[in-house]
Protein chains: 2
Amino acid sequence: MATMRDVAIRAGVSIATVSFVVNNTKRVAPDTRSRIIEAMNELHYQRNVVARALASHRTRIIALLYPALDHRAGPTIMKFITKAASVAQERGYDFVLWPVSNDAKQMSHLLAGGLVDGVILMEVQINDARVDKLVESNTPFALIGRTHDESLPFVDIDFSTTLEQALDYFTELGHSHIAFVSERTPNSILDDIGPLVRTASAYRDGMVARGLEQVVVYCEGSPHDGRQAARDVLAADPETTAVIVMNENAAFGVVSGFKHAGLSVPEDVSVLSIATSSEMGALSDPILSTMNAPAAELGELGVAALIDLLEGTVEHPPHVLLACPLVLGESTGPAPDSAAVKRRST
Amino acid sequence: MATMRDVAIRAGVSIATVSFVVNNTKRVAPDTRSRIIEAMNELHYQRNVVARALASHRTRIIALLYPALDHRAGPTIMKFITKAASVAQERGYDFVLWPVSNDAKQMSHLLAGGLVDGVILMEVQINDARVDKLVESNTPFALIGRTHDESLPFVDIDFSTTLEQALDYFTELGHSHIAFVSERTPNSILDDIGPLVRTASAYRDGMVARGLEQVVVYCEGSPHDGRQAARDVLAADPETTAVIVMNENAAFGVVSGFKHAGLSVPEDVSVLSIATSSEMGALSDPILSTMNAPAAELGELGVAALIDLLEGTVEHPPHVLLACPLVLGESTGPAPDSAAVKRRST
DNA sequence: CTGAAAGCGCTTACAG
DNA sequence: CTGAAAGCGCTTACAG
């Protein structure tokens, strides 16, 4: 590997001057510059990013702390990553994913090394030890999601509005028995998963505001448990005609569960999966109507926020909320005739 | 941030000695060592990995070139990543994912910087420009998948055996009309996607060996196209009773397609999705029988191979093939009565 | 068992 | 517009 020194010698200049043209950081006489560029090409010079990082106190790498260990995956997160990576690249940063568990300790180890200039945190919890560590260690970061402290900069899904729009959609179609199926919060005392807490409370508020009766069923986030959830919904209210599901895996089971109970979707019951993607919805039969997480937008805004922070060009750290747009599939439709629904319960 | 120099001063030793205890790289007198450790704790010393990398010519980082830009995701790859990361950590390496397109040029840029000691490449194609670049640039690497040059070290799924076992499974259940649905190779001239090429040819060979008639249908890798594939299968052979699907997304559509054609799964037609995961299979109704990609094993072996290579402890670079174990779901069963099947075609 | 010193390949005031 | 030089925080022969 040729070094800057090799280039300097070949071009007959100092390494400082080479550095100036490599980084485009100072005015250099045109012919000097072209001699240097020629030398660089001849030697296939590539700057050593490690040395640059050490000298400049910046690595120009940002990391997404990637909770792969929780086995979250799917098209939604891929879109997020894709967009985040391309935005980072446009702004001159490398973007890496760091597969870590949601564990503050492991994270600290990684950050301490000075390998990255800043991090993007996702799956943020309402009380999140990682965020505390980040603040305390003075590491620049951007949050996809919010903690209880909403004064920190964040970019998040607007779960309240999303759920409100789901309710609007169903009530306008004539539904009045609308159930809510959500992934159970792992720790019922702490209620730490923001998206679950926020959607559930938006559902409750929205139903109260509409004078409708609430039916909330919690289940694990798997298709198998979704099937049980469908049975639970029918047990709680046999006249249910619409279900909002807050877990893309459970949604599949909810549809199956209704079918196995002898109901058809959407003729007897409509199912709407929220905070997911059309790609996931398409795996179901009937294809699910979905409210899609704005993954690309979150990726773009998150990376932009972090880089703004790093470069000190930020005026107001962002507090952005984006709702999930509704994309119709085959799993929702008008409320069935109420007499027929009543008959169901007998 | 405290540096090694700070620690050395506080402990009253040279920075060389501090380095020896930090890296456990040389014998140090017990009380000197404990003085140093105490100083490190008091100062919350964390080694600067960038400086270490520059001085030692090793970053102790390995990267997975992650084709996120192709929007591949899913539980399979998550398991791969999880296992790979933990194996790397056990052996003292950091493991990062580098979201890149399948593009040799972008890859070179990343490698040239000297940020990683070696890389793991996945979604390897039969003719893969990235592999050529890697060889040419002398970058240590491990392959998940194979190129045409099987003398390079690799870890891959044994597609031939997997398909052979799928055929065995079906013939033992009494099926004789077994179709194969595969994702189309994007470039039909080059036929560059190893898994698709290898499974297809194993299917052909296996059917010939059994004296059975081949039905091969290609489609895009989406549920929608899978539905069409089901129709195509029935058009090609109305007496089909079993289908092997080589694309986990299309498999959902194949099931739907049969159902929409008035056939039930598995009573009329069995569907087996290969090179996927049970988690994906569980999203379907009926739950798919699957042959599961050995993701964790691939992750473990791939990382181990790379680190062995980096540390020069390798005897024989690996050439490992692992078959996909069969996990029964609800979508396969014995061949239906042949008279009934015949009636179907009229 | 410990230390002085060179060196990794850059960046960046500073001087000219 | 260009260069000499210090410095980033480590590692690693080498000497003692």
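Of all residues assigned to region B:159-182, none qualifies as being of a type in the set (Asp, Glu) and buried (at least 18 other Cβ atoms within 10 Å of the Cβ). Looking at A:Ala2, A:Ala8, just one residue is more than 11 Å from DNA strand D (Cβ to nearest atom), closer than 26 Å to B:Asn138 by Cα and either of a type outside the set (Ser, Thr, Tyr) or buried (at least 16 other Cβ atoms within 10 Å of the Cβ) (or both), and that residue is A:Ala2.
Just one residue in the set A:Leu65, A:Leu54 is within 15 Å of DNA strand D (Cβ to nearest atom), under 24 Å from A:Phe141 (Cα atoms) and outside the structural domain of A:Glu248 (by TED's automatic domain parsing); that residue is A:Leu54. Only residues in region A:1-29 that are away from every other protein chain (no Cβ under 14 Å) count as the first member; pair them with residues that are basic (Lys, Arg) and within 9 Å of DNA strand C (Cβ to nearest atom), Cβ under 7 angstrom, at least 6 apart or cross-chain, and list the lot. Once the first residue is away from every other protein chain (no Cβ under 14 Å) and sits in region A:1-29, its partners that are basic (Lys, Arg) and within 9 Å of DNA strand C (Cβ to nearest atom) give A:Ile15/A:Arg5; A:Phe20/A:Lys26. Of note, B:Ala230 does not satisfy the criterion of being in a helix (DSSP H, G or I) and surrounded by fewer than 17 Cβ atoms within 10 Å (Cβ to Cβ). Identify, please: which residue in region B:22-51 is more than 30 Å from B:Val303 (Cα to Cα) and buried (at least 20 other Cβ atoms within 10 Å of the Cβ) and is, among those, nearest to DNA strand D (Cβ to nearest atom)? Checking each candidate, the answer is B:Met40.
Of the residues in region B:201-228, how many are among the polar types (S, T, N, Q) and either touching a residue at least 60 places away in the same chain (Cβ under 8 Å) or within 14 Å of chain A (Cβ to nearest Cβ) (or both)?
Taking region B:201-228 first, the residues among the polar types (S, T, N, Q) are B:201, B:214, B:222, B:228.
From the residues that got through so far, the ones that are either touching a residue at least 60 places away in the same chain (Cβ under 8 Å) or within 14 Å of chain A (Cβ to nearest Cβ) (or both) too are B:222, B:228.
Matching residues across region B:201-228 total 2.
When every residue of region B:78-85 is checked against the conditions, none turns out to be over 15 Å from B:Ala295 (Cβ atoms) and small (Gly, Ala, Ser).
Residues checked against (1) buried (at least 22 other Cβ atoms within 10 Å of the Cβ); (2) under 18 Å from the mean Cα position of the chain (by Cα); (3) not assigned by TED's automatic domain parsing to the domain that holds B:Phe80:
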residue: B:Ala250; (1), (2), (3): yes, no, yes
residue: B:Ser278; (1), (2), (3): no, yes, yes
residue: B:Ser284; (1), (2), (3): yes, no, yes
residue: B:Gly302; (1), (2), (3): yes, yes, no
residue: B:Ala305; (1), (2), (3): yes, yes, no
residue: B:Ala339; (1), (2), (3): no, no, yes
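Among the numbered criteria (1) of a type outside the set (A, V, I, L, M, F, W, C); (2) closer than 30 Å to B:Val303 by Cβ; (3) free of Cβ contacts under 8 Å to residues at least 60 places away in the same chain; (4) facing chain A (nearest Cβ under 10 Å), which one does B:Gly74 miss? Of (1) of a type outside the set (A, V, I, L, M, F, W, C); (2) closer than 30 Å to B:Val303 by Cβ; (3) free of Cβ contacts under 8 Å to residues at least 60 places away in the same chain; (4) facing chain A (nearest Cβ under 10 Å), only one is false for B:Gly74: (3). Please indicate, with yes or no, whether at least one residue in region A:53-73 is more than 10 Å from DNA strand C (Cβ to nearest atom), over 30 Å from A:Ala112 (Cβ atoms) and of a type outside the set (A, V, I, L, M). No - not one qualifying residue is present in region A:53-73.
The values are calculated or read from the model by the stated rules, or taken from the named source; none is laboratory data. These figures come from a predicted structure and were not determined experimentally. No Cβ is skipped: glycine too gets one built from the backbone with ideal geometry, and neighbour counts run over all protein chains shown.
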